[in-house]
Structure formats: structure tokens, C-alpha cells
Amino acid sequence: MSTQSESGPGVRVIGERPSIDAPELPPKPYEFVMETEVESLEKMHKVARHRKFEIHVDEPAHLKGDDNYPQPLIYVAAGLGS
């Protein structure tokens, strides 16, 4: 793998990815960067964009939202459970 390669929009890989089977640390630095854009819409509604995906979040009425999409922490909990 080259020193810096592109794995698609919003993802940058710098260095050589370590093997999952190798217990030792990689000899050179390795960095995997995922970038996401977040746009605030109306009230608490926000949309995050990463590569070809969009994730909408909102808050319930008692937190000044419209409750049209899951709260941000729901996505965190789902990600941890995946």
C-alpha cells in the first residue's frame, strides 16, 4: 500500500494498515481518518453526510426538537451494539 491512499470521499488512509493477525505494532505510523459534514437545518434537526450516506438526527419536543428522527445518542448506542 502507498504512503497515502484514498479509500473514497471522506476517508483517508495514511501509512500501511497493520495486519489483523500481527500482534506487534506497525513499524511506521498508521492513520485512518473518517470525515463527516454536519448541517444544521430547522430547530434541532441536523443531517450528517459521509461518503454517499446521510444520517438525520432530531430531538424530542422537551428538548426543543420535532422528534422526527432518532436522537444522536441512539446512533451511538446502535453503533456500539453492532
> Highest mean first, what order results for 68-75, 31-38, 44-51 on Cβ atoms within 10 Å?
Replying inline: 44-51, 68-75, 31-38
> Once you sort the root eigenvalues of the Cα gyration tensor of the stretch 36-82 as a ≥ b ≥ c, which label holds: rounded (a/c under 1.5), prolate (a/b larger than b/c) or oblate (the other case)?
Replying inline: oblate
> In what sequence do Val11, Val57 fall when counting other Cβ within 10 Å, fewest first?
Replying inline: Val11, Val57
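Readers should treat all values here as calculations from the given coordinates under stated rules, not as data from a laboratory. The model shown is predicted, which means the values in this text are computed figures rather than measured ones. For neighbour counting, all protein chains shown are included, and Cβ atoms are generated from backbone atoms with ideal geometry for every residue, glycine included.
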